[in-house]
Amino acid sequence: KVARLLEDRFDVGGIVTRDAQKAQMLRDRYSVAVYSDYLDMVRTEKPDFVCVAASTKACPQIAAELCKTGMPVLMETAYLENLTQMLEFYDAVGKTPFAFMEQYHLQPMQQARLAIAQSGLIGGVFEAQISLAQCYHGILMHGYKY
């Protein structure tokens, strides 16, 4: 959806799903090639990078397999249960570029906090540090000179 809104910046080569009904719906809605295998999609479309948006358990495996082919990956935070899994993931990724994406700063509660800091209602805010936790995520939002 985001790529479609930013067509001047992104060209979607394909979408991957293993659900046949969902595949047809995606073809109809986005007029894009739909694949049942992400490695097949990469071989056919030759994208600059792949966005992985799968279940939390599947993301690390998919990202690691893509990185082994040299394909850069942008993905949601991988669900890794312990240090061993994390080290295995980083070994599998190797030196292939990958990035985790989180957009907590765009969530309504965080937008409200930022708006208050920028409004002047509480004076000049020069620094704020807010620690947030959600499920297995732990993040820190901070900024200067709001």
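The values are calculated or read from the model by the stated rules, or taken from the named source; none is laboratory data. Please read all numbers here as calculations on a predicted model, not as lab measurements. A quick note on method: Cβ atoms are made from the backbone with ideal geometry, for glycine too, and the neighbour counts reach across all protein chains shown. Accessible surface is based on the protein model in full, side chains and every heavy atom, while ligands, DNA and RNA are left aside. Shrake-Rupley method; radii C 1.70, N 1.55, O 1.52, S 1.80 Å.
The peptide list 79-89, 54-64, 1-11, put in order of mean Cβ contacts within 10 Å with the highest first, becomes 54-64, 79-89, 1-11.
Below 13 angstrom from the Cβ of L80, what's the summed charge of the other residues (Lys, Arg +1; Asp, Glu -1)? Display every interim value, and only then the final one.
Values: positive: K57; negative: E76, E81, E88, D91.
Value of the local net charge: -3.
Computed over neighbours whose Cβ is under 14 Å from that of V50, the net charge equals -4, Lys and Arg +1, Asp and Glu -1.
Counting only residues at least eight positions apart within a chain, or on another chain, the aspartates and glutamates with an alpha carbon under 13 Å from that of K46 are D11. Which lysines, if any, have their Cα less than 18 Å from the Cα of K95, not counting same-chain residues under 8 positions apart? Output for K95: K68.
Taken per residue, the accessible surface of region 1-111 reaches 69 Å², heavy atoms only and a 1.4 Å probe.
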